[in-house]
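Worksheet: one structure, shown below.
The values are calculated or read from the model by the stated rules, or taken from the named source; none is laboratory data. What you are looking at is a predicted structure, and each value in this text was computed from that prediction instead of being measured. FYI the Cβ positions are ideal-geometry reconstructions off the backbone, even for glycines, and counts take in every protein chain you see. The protein model used for the area step is the full one, side chains on, heavy atoms only, and it has no ligands, DNA or RNA in it. Shrake-Rupley method; radii C 1.70, N 1.55, O 1.52, S 1.80 Å.
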Amino acid sequence: MTKPVLGIIGGSGVYDIDGLTKTEWRHVDSPFGAASDALLFGELDGQQLVFLPRHGRGHRIPPSELNYRANIDAMKRAGVSEIVSVSAVGSLKEELPPGTFVIVDQFIDRTFARTKSFFETGLVAHVSMAHPVCGRLGDIIETAAQESGIVAVRGGTYLVMEGPQFSTQAESNLYRQWGCDVIGMTNMPEAKLAREAEMCYATVAMVTDYDCWHPDHDAVTVEQVVKVLLENADRARALVKAIVPHIGHRQDTCAKGCHTALEHAIITHKDKIDPMVAGKLDAVAGRLLKR
Ligand SMILES: CSC[C@H]1O[C@H](OP(=O)(O)O)[C@H](O)[C@@H]1O
Ligand SMILES: Nc1ncnc2[nH]cnc12
């Protein structure tokens, strides 16, 4: 396989990456439309890195209006093989107070107003989402956190809501009853699309608030989220820096199967594939469609 390239999708409060050299903001065209912004290409400690601010620089785009397909497709076209999402989340558990970093491993997708697949009529595929996060990338993030003295909780379920309004208290309590750990608005369909595009995906969820269920804490506000994110910015930066060398040393394809997720997923008969649809999927599925 070709050299692995780390892509970072920066969420709320993360609009740039410190310490990058040889930087260039470059627009990457996608048949799925415009990505949230240009991609920032650069090097961190000699290792290539591609950064995308999820909501665009200046936080212009709300969760429901993000072009998730264009974002993932552009990352794929930029050569990214592993994506680390850095996301702000609310806590649904007493023991995950604001300031906690969680390396989530499961999602419950409650979003309903987003395009969730690269595939459509003319080319149908069904990938497995049983394990939505790459375990190996999770291991790397956990090791990087330990190396940089950052306490990060391994494992947790992230409830993805549509937003943009925060939850009602009844919803927040329901998600707690479901056993969810954190709540946010963006990681789906991002994780689904990364899987379809055969890229490793993992999330560092930074807890910023107790949503609205906690009797001793006020309901979440943007002001509170931003305040906690600013307090955590240094740790987030240090974690990204510590992840980088681990990606560079990896030479093989993902043993968890992320890089081969489409291998047995396409069900449309070869002679029934719509060439127009296949054409748009040149980056996502070209590996299989060219066979
Ligand atoms: C600014 S609070 C709500 C906002 O923050 C999170 O975004 P991201 O995952 O990109 O950090 C959350 O999902 C909402 O979009
Ligand atoms: N409580 C919350 N709900 C949804 N998204 C969030 N992002 C940060 N905190 C959040």
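What residues qualify as long-range amide H neighbours of residue 159, i.e. H under 5 Å apart, gap of 5 or more or another chain, H built at 1.01 Å from N?
The answer is 108, 181, 182, 183, 184.
Name the shape class, rounded, prolate or oblate, that the alpha-carbon gyration tensor gives for segment 114-221, where a ≥ b ≥ c are the square roots of its eigenvalues, rounded holds for a/c under 1.5, and otherwise prolate holds if a/b is larger than b/c and oblate otherwise.
Note, shape of segment 114-221 comes out oblate.
With labels modelled as points extended 7 Å from the Cα through the Cβ direction, what inter-label distance (nm, one decimal) is found for residue 16 paired with residue 287?
Using points 7 Å along Cα→Cβ, the separation is 3.5 nm.
How long is the gain from residue 174 to residue 264 if the chain were fully straight, where each residue apart is worth 0.36 nm and the alpha carbon distance is subtracted? Each step should come with its number before you reach the end.
Values: separation 90, 0.36 × 90 = 32.40 nm, distance 3.62 nm.
Length gained, residue 174 through residue 264: 28.8 nm.
How much accessible area per residue does the chain have, in Å², with a 1.4 Å probe?
Using a 1.4 Å probe on heavy atoms only, each residue of the chain averages 44 Å².
Rounded to the nearest 0.05, what FRET efficiency do residue 255 and residue 116 give with R0 = 35 Å and r taken as the Cβ-Cβ distance? Could you check?
It comes out at approximately 0.85.
What do you get when you divide the Cα radius of gyration of the chain by 2.2 N^0.38 Å, with N the number of residues?
0.97
Counting only protein heavy atoms, what percent of the accessible surface of the chain is carbon or sulfur at a 1.4 Å probe?
52
For residue 153, which sequence-distant residues (separation of 5 or more, or a different chain) have an amide H within less than 5 Å of its own amide H, given hydrogens modelled in the peptide plane?
It is 101, 102, 103, by chain and number.
Quick one: which residues, 5+ away or cross-chain, put their amide H under 5 Å from the amide H of residue 123? H built at 1.01 Å from N.
Amide H to amide H, under 5 Å and 5 or more residues apart or across chains, residue 123 pairs with 274.
Which order do you get for 75, 185 if you rank them by accessible area with a 1.4 Å probe, largest at the top?
Working: 75 0, 185 30 Å².
Putting 75, 185 in descending order of accessible area: 185, 75.
Quick check: net charge around residue 63, other residues with Cβ under 11 Å of its Cβ, Lys/Arg +1 and Asp/Glu -1?
Net of charged neighbours comes to -1.
Round to a whole angstrom and tell me the spacing of the C-alpha centers of segment 18-86 and segment 203-234.
So the separation of the two Cα centres works out to 25 Å.
Rounded to whole Hz and in sequence order, give me ³J(HN,Hα) for segment 275-291 from the Karplus expression 6.51 cos²θ - 1.76 cosθ + 1.60, θ = phi - 60°, writing x for Gly and Pro.
Going residue by residue, I get x, 5, 5, 4, x, 5, 9, 4, 7, 5, 10, x, 3, 8, 6, 7, 5 Hz, with x marking Gly and Pro.
Say the cut-off is 31 Å between C-alpha atoms; which of 3/272; 76/270; 227/280; 256/280; 3/93; 76/227 go over it?
Going by Cα-Cα distance, 3/272; 227/280; 3/93; 76/227 fall outside the 31 Å limit.
By how many degrees, 0 to 90 and rounded to 10, does the Cα axis of helix 222-248 deviate from the longest principal axis of the chain?
The two axes meet at around 50 degrees.
On the full set of protein chains, 1.4 Å probe, figure out the accessible area of residue 126 and give it in Å² to the nearest 10.
Residue 126 has an accessible surface of roughly 130 Å² with all protein chains in place.
Going toward the positive end of the dipole of the chain, with +1 on Lys and Arg Cβ and -1 on Asp and Glu Cβ, which of 38, 242, 188 do you reach last?
38
Calculate for the chain the 222 nm mean residue ellipticity that helices alone would give, adding -39,500 (n - 2.57) per DSSP H run of length 4 or more and normalising by residue count, nearest 500 deg cm²/dmol.
-9000 deg cm²/dmol
Compute the distance from the alpha-carbon center of segment 121-145 to that of segment 240-275, in whole Å.
The distance from the Cα centre of segment 121-145 to that of segment 240-275 comes to 9 Å.
Can you work out the Karplus-derived ³J(HN,Hα) for every residue in segment 193-208? Use 6.51 cos²θ - 1.76 cosθ + 1.60 with θ = phi - 60°, whole Hz, and x for glycine or proline.
5, 4, 5, 4, 7, 6, 10, 5, 9, 8, 10, 9, 9, 9, 6, 10
From largest accessible area down, sort 54, 110; use a 1.4 Å probe on the protein chains.
110, 54
For the chain, what relative contact order do you get, as a whole percent, if you take Cα pairs closer than 8 Å and at least 6 residues apart?
The normalised contact order for the chain reaches 26 percent.
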